[in-house]
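Read-outs: derived from the displayed coordinates by stated rules, not from any lab. Remember, predicted model here, so these are calculated numbers, not experimental data. Glycine also receives a Cβ, built like all others from the backbone with ideal geometry; neighbour counts cover every protein chain displayed.
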Amino acid sequence: MSFTCETRASLETLLNTIGIDKKEDVFSSIPEDLLFKGKLNIPEPMDEEKIRRKMDFPVSGTIFAGGGIYRHHIPSAVDALTARQEFFTAYTPYQPEISQGTLQSIFEYQSMMADLTGMHASNASMYDGATALAEAALMAIRKKHVKKVFVSRATNPSYRAVLQTYLASHVDVAIIEIPFDPKTGRTDMNTLNETIDKDSAVFIQNPNFFGICEPMKEVSETARNAGMWGIVVNEAISLGILEKPGAFGPDIVLGEAQSFGNPVSAGGPLLGFMCVKKNLLRAMPGRVVGLSRDKNNTQSFCLTLATREQHIRREKATSNICSNQGLCALRAAVYLNLIGPQGLRDTALQCAFGARYLRDQLMDKGINTVFSGPFFHEFVIRMDTKKRKDLIKKGIVPGVDIQNVYPEIPDGLLVNVTEMNTKKECACLIEHL
Amino acid sequence: MNIPTDLRYTKDHEWVRIQENMATIGITDYAQSELGDIVFVELPEVNTSVKKGGVFGTLESVKAVSDIYTPVSGVITKINDQLEDEPELVNQNCYDKAWMIVIRMDDPAEITALMDASAYEKYAGAEAK
Amino acid sequence: MSYRASIVSFPEIKEPLLNKRTSRDKNKIMTPAPFDACDLEGLDTPETLPEIPDVSQVETIRHFTRLSRLNFGIDQGMYPLGSCTMKHNPRICEEIASKMARIHPADDMAMSGILEKVFELSGYLEEICGMDASTLWPAAGAHGELTAIMIIKKALYIRGEPRRTVLIPDTAHGTNPASCAVAGFRTVNIPSGDDGMLKASILKEYLDGDVAGLMITNPNTLGIFENEIRAIAAMLHENGSYLYMDGANLNAIMGITRPGDMGVDIMHLNLHKTFGTPHGGGGPGSGPVLVKKGLVPFLPLPDITHTDNRFSLGWNRDTSIGMVHSSTGNMAVLIKALTYIYSLGAFGIRQAATMACINANYLRARLSPMFNLPYPGATLHEFVLSDRDQGKNQVTTMDMAKALMDYGFHPPTVYFPLVVHGAIMIEPTETEPLEELERFAQAMQAIAETAQEHQESLHNNPVTCPCERVDEVWAARNLVLTWDME
């Protein structure tokens, strides 16, 4: 199927107006020897039914996997509203007069993210939590000239990997891992106390990758001595019951908000977010929507602080980011309004209750959690690879395998429960162990 | 184009007011009108050492960023904090309320390289064409 | 000035911010509650509710429905935003992508099927571009650029030549120099020739042992095919430098000529441009990076491996630049792009490029009598006008862009590329019918005529949109970025 519209008659008009004889002449400026004469090795065009048959994706029935990407209830209206073509077929809102829908919804997203994190302002989104962390570290280097970036080893390993990639060109900046306590699973801030100074940036994930909640008061007392410190939120739903990260005084709160109305979708698209204190506003990467007015004084919105961005400041921009995850941010905004304050809290509570329910069932079966620290909705147990693969064959995904990224936790498996799981599913897992 | 006769000027359209070994610096009427509505002024901290020809700050309009250059070498003794909250002063009152920094000059002889008002008027007039 | 009846009509609703409607307990949602309450031992959970609006479902639905009606999307009308390839977004792509919504990346069985499909996609992209290998994980075009520049950096490092300079033509997208800066390169601007093309003879003067590569866009942002590209590639290779191609404009040439055959070493694509996936009002996009053999060892992790028809992620590549995304990029967008390629087939891909260029050249032929065309050489899928003629009557590109809205069109890209004064960059794409192209040409003609006779009226456009010209200066000076700051 093709989506062009020409007919024999219209083509004649088109070619005559241009002043060429045949279609191919439109490419006469391409040197002859560069023209591709072969046939592309791509299948013949397919009708929609054929495509439907080819693109069918079975899903496992019982899933206890999170690890940074979480299954949560998505109210039906999220899809209905974000599938409106006015939103999803639009480009970046460069022309505010005909993009007020995108602009106002992003402004509302920014407002809610700033409120939920307890920070001054939010940008319009980033690619994902990992690139948000990397960009935050680049901000610290640019703005505070830090030479050391401390990041907890209990931070999502993919985030640390991306951080490594992004900082590779900064040979004078060291990434230093803060170890975690092998008993509690909490970041060991004691080792940090002496080494932190104004030349360092510190990033702590809470709840951390093992699902453990960090002692944020203690963390902040140490981290505040750094040139810049940030809290990484890997699971946005946790904002429904935990103290606002902003309450601990970080310079920046960033992370992943896929859980707000975005499906797991085989790993993407995700929704990176970044919220900052006022003094970092101009150092922040990414798009920002601001309130404005038109000449009749009507409330309206437009992109603002654009001078930080690549299309104006080019090589001196705060980042190269251009497209972000606009539609995912819209989904988050719609989700938060549909679910409301009580719904968000209840959802977070259900995750925490469910995780304890499964943890107790596992303990009855003789399987203990690896760490003793207080957890939100995720915990680490041990399960060998064969067992895990057997379960997957039976349609049960028991968790995320973390033994490759944490060799110090042999057979480590990160188990997650959300409001999408049921007691029956827990029973099913226990039965097959 | 407003070009006060008691000031000195640079080719980058900064003005300089000399009082003994102190130089007060801002941008000219021509520069502010070329830049359009200024929305943000970024200035350095007091006590920063600056070299003639270096960049000491930036001016932002909605769609452009311009560097502001240091006409003389020395140490910055004062900056105009008011511009942080009221960048529009640069458009409204560029020679007075929108002064940007004061430099204690290392070498007051450097000012001889700057243009006087009539030379600047010719220079800016040519550039405007 | 009389307005032709616009095909787009916006509601005259002033939609307040949603926090204005909040009131305790308005929201009556029933969230899933499969588990019984229990003691949350050790977990510090304040009793306060999270700070988000408390509104009813119907209010949320009306709010966002009303907001959507203040927007302009491709389905409403032509969106000739140059360099952005705003073509029709087939709905089958959305439907297919929605089927993968519930697959968790740890679900190895389900992921095998998805990885098989995206692996197939990477093969097609390599075929279309004449490249040897690719990574699909970059989440947007600029992310792809950055990934590519990091690959070049790593390749040079491994070669023992830590070069620091990247050359960029003056017509380049702003993301090019910004991506270089993030990767720690310094950039040097190269001027184009008078005909808008990059000249091997000019490039030569900039080549030295510090040049890591050149970032070229082909066709470039003026819509002109860089016909010296082979010589340019040879010259760079001779110098030990890489030729990077920004694939933003691939829609002009897919199936017609292949970057790999031009001598390109590494490039990125924008699936949300060329391959028909929607832009979502600012993403998610997707920016795959394609390379020639020599750069394969440096591609990001993971790669896709398969044994006995089981597809999984591979992590064994010591020389890789590392991971660029916490997962595997915007997977749903990749599946949409594959669906698009299935729909078109090899023939359709070539036809899309052909009609994209014919439609653009039709508009160019219709508009060039009324507007200044600063680069009169042959162009492909887009062309750039300037406001020189209308400027004589104090009518700017911005005035004309805003006027187009009143005719029911999204404006073209304006004030870019920087080499053209008051640039108006028009890219109609292949999916516009002749009738719509003609309606656009007539709207532009009416605007050009108004610019001669009633120019003052053009300073007031738009008048039929949800708001009149937005005061961007006010926004930048006041910086109200959340409803709390209001």
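Tabulated data for the structure shown
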| read-out | value |
| --- | --- |
| Cβ neighbours within 10 Å from other chains - mean over A:412-420 | 2 |
| Pairwise centroid distance, computed over Cα atoms, of the stretch C:447-482 with the stretch A:101-123, Å | 26 Å |
| Kirkwood-based shape ratio for the stretch B:34-129, expressed as Rg/Rh from alpha carbons | 0.97 |
| Span per principal axis, largest first, for the Cα atoms of the stretch C:40-97 (Å) | 56, 26, 24 |
| Average silhouette area of the stretch C:6-121, convex hull of alpha-carbon atoms, in square nanometres | 13.9 nm² |
| Cross-link partners of A:Lys389 among lysines (Cα-Cα below 23 Å; sequence separation of 8 or more within a chain) | A:Lys365, A:Lys423, A:Lys424, C:Lys117 |
| Value of Rg to Rh for chain A (Rh from inverse mean 1/r over Cα pairs, i.e. Kirkwood) | 1.04 |
| Exercise: per-residue mean of other protein chain Cβ atoms within 10 Å, A:16-22 | 4 |
| Test item: A:56-69 mean partner chain Cβ contacts at 10 Å | 5 |
| Within chain C, helix-based [θ] at 222 nm, where runs of 4 or more DSSP H residues each add -39,500 (n - 2.57), nearest 500 | -11000 deg cm²/dmol |
| Net +/- balance of residues flanking B:Tyr9 in space, Cβ distance below 14 Å, scoring K and R +1, D and E -1 | -4 |
| Quotient of C-alpha Rg and 2.2 N^0.38 Å, computed over the protein assembly as shown | 0.93 |
| Highest to lowest packing among C:248-260, A:115-127, A:412-424, scored as the average C-beta count within 10 Å | A:115-127, C:248-260, A:412-424 |
| Rel. contact order, % - alpha carbon contacts under 8 angstrom, at least six apart, the stretch C:138-250 | 27 percent |
| Counted charge near A:Lys393, where neighbours are those whose Cβ lies closer than 13 Å (Asp, Glu -1; Lys, Arg +1) | +3 |
| Rounded tilt (10° steps) of A:8-18 against the dominant C-alpha axis of chain A | 80 degrees |
| The stretch A:3-60: Lys pairs at Cα distance under 25 angstrom, eight or more positions apart or on different chains | 6 |
| Kirkwood hydrodynamic radius over Cα pairs of chain C, then Stokes diffusion coefficient at 37 °C and 0.692 mPa s, in µm²/s | 132 µm²/s |
| Hits among lysines - C-alpha to C-alpha of C:Lys28 under 19 Å, sequence gap 8 or more where chains match | C:Lys20 |
| Helix runs (DSSP H) in chain C reaching 24 Å along axis by Cα, Kyte-Doolittle at least -1.0 | C:108-129, C:141-159, C:331-367, C:434-453 |
| Peptides A:38-44, B:32-38, C:221-227 ordered by average Cβ neighbours within 10 Å, highest first | C:221-227, B:32-38, A:38-44 |
| For the stretch A:304-420: Kirkwood Rh in Å [reciprocal of mean 1/r, alpha carbons] | 17.8 Å |
| Shape parameters for the stretch C:66-206, alpha-carbon atoms, Rg then Dmax in Å | 20.3, 58 |
| Kirkwood hydrodynamic radius over Cα pairs of the stretch C:261-386, then Stokes diffusion coefficient at 25 °C and 0.890 mPa s, in µm²/s | 137 µm²/s |
| Per DSSP, loop GluC sites (Glu not before Pro) in the stretch C:41-111 with at most 13 further Cβ within 10 Å | C:Glu41, C:Glu47 |
| Square roots of 5 times each gyration tensor eigenvalue, C-alpha, the stretch C:177-298, largest first, Å | 24, 17, 15 |
| Cα-based Rg and Dmax for the stretch A:201-339, where Dmax is the largest Cα-Cα distance (Å) | 16.9, 54 |
| Whichever lysines have a C-alpha closer than 18 Å to that of A:Lys217, once near sequence neighbours (fewer than 8 apart) are set aside | A:Lys244 |
| Leading residue at positive end of dipole, the protein assembly as shown (Cβ point charges), from A:Leu305, A:Ser238, A:Gly185 | A:Gly185 |
| Of all DSSP beta bridges in the protein assembly as shown, antiparallel share, percent nearest 5 | 65 percent |
| Whole-number D in µm²/s for the stretch A:38-87 (Stokes-Einstein; Kirkwood sum over Cα pairs; 37 °C, 0.692 mPa s) | 211 µm²/s |
| Sorted peptide list for B:4-11, A:28-35, criterion being average Cβ within 10 angstrom, highest first | B:4-11, A:28-35 |
| Net charge of Cβ neighbours under 10 Å - reference A:Pro250; Lys, Arg +1; Asp, Glu -1 | +1 |
| Farthest toward positive dipole pole in the stretch B:26-129 [+1 Lys/Arg, -1 Asp/Glu at C-beta], among B:Ala64, B:Val50, B:Ala109 | B:Ala109 |
